[in-house]
Amino acid sequence: MACGTALRLRIAGGRIYLDRDLYDRYFRGIESAVLLADGRDLLILPVASVASGGYLMKLRNSRGDRVIDAADTLRENGLEEAREHTPAVRWSARQAALRVPALFPPRATPVN
């Protein structure tokens, strides 16, 4: 990827799509990931072994693009499946995760 080019992924229909370049840069050789909501952000953490759990990073095509079927996590955090998102992402060395900032809508504050 060219320097200065924003890294992006695509989210549509409850799935997270990573192109081969993004996958190779941060997840090469990894077959599963843990998805965590961190406030409004989504964290995608690599999991060293499929036996450790997480979501499978399925091979999507012969080019090497990957897809994660994450409808439950996305829905639980208020993301509509009908809309397509192409958010910019960045690697967080502190959390050892790919961070998708402000993906989820703000949560309603309960009224007392």
Open item on the list: Suppose every Lys and Arg Cβ carries +1 and every Asp and Glu Cβ carries -1, with no other charges. What dipole size does the chain come out with about its Cα centre, to the nearest 20 debye?
Closed with: 280
- [ ] Just the number, please: carbon plus sulfur as a percent of the accessible area of the chain, 1.4 Å probe, no ligands or DNA/RNA counted.
- [x] 48
Open item on the list: Per residue of the stretch 26-41, what does 6.51 cos²θ - 1.76 cosθ + 1.60 with θ = phi - 60° give for ³J(HN,Hα)? Whole Hz please, x for Gly and Pro, Karplus curve as stated.
Closed with: 10, 10, 3, x, 9, 10, 8, 9, 9, 10, 10, 8, 10, x, 8, 8
- [ ] Kindly report the accessible area of the chain per residue (heavy atoms of protein chains, probe 1.4 Å, no ligands, DNA or RNA), in Å².
- [x] 59
Task: For ILE30, net neighbour charge (Lys/Arg +1, Asp/Glu -1) across residues whose Cβ lies under 14 Å away - done: +3
TODO: Over the residues of the chain, compute the C-alpha Rg and express it relative to 2.2 N^0.38 Å.
DONE: 1.07
Open item on the list: Using helices alone, I'd like the mean residue ellipticity at 222 nm for the chain: each DSSP H run of four-plus residues gives -39500 (n - 2.57), total over residue count, nearest 500.
Closed with: -3000 deg cm²/dmol
- [ ] Could you run the Karplus curve 6.51 cos²θ - 1.76 cosθ + 1.60 with θ = phi - 60° over the stretch 64-81 and give me ³J(HN,Hα) per residue in whole Hz, x for Gly and Pro?
- [x] x, 5, 10, 9, 10, 7, 10, 3, 5, 5, 5, 5, 4, 9, x, 8, 6, 5
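The values are calculated or read from the model by the stated rules, or taken from the named source; none is laboratory data. What you see is a predicted model; the values in this text were computed from it and never measured. Neighbour counts are summed over all protein chains in view; Cβ atoms, including those assigned to glycine, are modelled from backbone coordinates with ideal geometry. The protein model used for the area step is the full one, side chains on, heavy atoms only, and it has no ligands, DNA or RNA in it. Shrake-Rupley method; radii C 1.70, N 1.55, O 1.52, S 1.80 Å.
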